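Heads up: the structure comes next, in structure tokens.
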């Protein structure tokens, strides 16, 4: 399907699932999404949408999944995303989003997957993301304007097993609290995949340098496929 998404769809106030991925839709996401209080699954992956992710999405408070991967959306990620109490998955990778990562995302207590990679996000990593105790995968790679260091608070995400921070401008040292998570132990889930950039970030627990990326793998982790940095192509999709 091609053309713009009919605005009438966003007036279906009792709709629970709106999945329009892998089409040729153009135009923007209607601000009327805020009139869908029952919506749980919202997926527009792999279209050609432009414009912003409207702040009104924060009014759709039953949302559990947002996937707008692979469009041409831009602007800042709305802070109102932090007001979605049921959100489990947030996928905005492979767009043109700019600005900082909202610290309000740290309020999403049920979030299990946060994929913001392959955008143009900037600023430092929010310490508040360390509050996401159910998070299993955090993908922030290929945001070339992210700077600063890796917060030690990220080690508190006891279910995290994928942490992608490569192809950024992060520097400093991987905190020992995070390195400790790469070793199997009772209690927290083992951090089986950690990706950072060689040279800019020191890592005492990393044992593989592949191009400009270093990786730490637990003994039970699967091998990482070859990867070449290219902001316009998919990266790290297998993790």
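Filtering 51, 21, 99, 70 for residues that are outside any helix (DSSP H, G or I), in contact (Cβ under 8 Å) with a residue 12 or more places away in the chain, in contact with a strand residue (DSSP E or B) (Cβ under 7 Å, 6 or more places away or on another chain) and on the phi > 0 side of the Ramachandran plot leaves a single hit, 99. The residue of region 4-17 that is surrounded by the fewest Cβ atoms within 10 Å (Cβ to Cβ), among those that are within 17 Å of residue 51 (Cβ to Cβ) and touching a strand residue (DSSP E or B) at 6+ places or on another chain (Cβ under 7 Å), is 4. Against the numbered list (1) in contact with a helix residue (DSSP H, G or I) (Cβ under 9 Å, 6 or more places away or on another chain); (2) within 19 Å of residue 45 (Cβ to Cβ); (3) surrounded by fewer than 17 Cβ atoms within 10 Å (Cβ to Cβ), residue 114 comes up short only at (3).
Checked against (1) in contact with a helix residue (DSSP H, G or I) (Cβ under 9 Å, 6 or more places away or on another chain); (2) part of a loop (DSSP other than H, G, I, E, B); (3) surrounded by 23 or more Cβ atoms within 10 Å (Cβ to Cβ), residue 166 meets all criteria but (1).
For residue 86, the requirement of being outside any helix (DSSP H, G or I), touching a residue at least 40 places away in the same chain (Cβ under 8 Å) and either out of contact with any strand residue (DSSP E or B) (no Cβ under 8 Å at 6 or more places or on another chain) or surrounded by fewer than 18 Cβ atoms within 10 Å (Cβ to Cβ) (or both) is met.
Taken together, the values in this text are just the output of simple stated rules run on the coordinates, not laboratory data. Just so we're clear, the structure is a prediction, and the values are computed from it rather than from any experiment. Please note: Cβ atoms are built from the backbone with ideal geometry, for glycine as well, and neighbour counts cover all protein chains shown.
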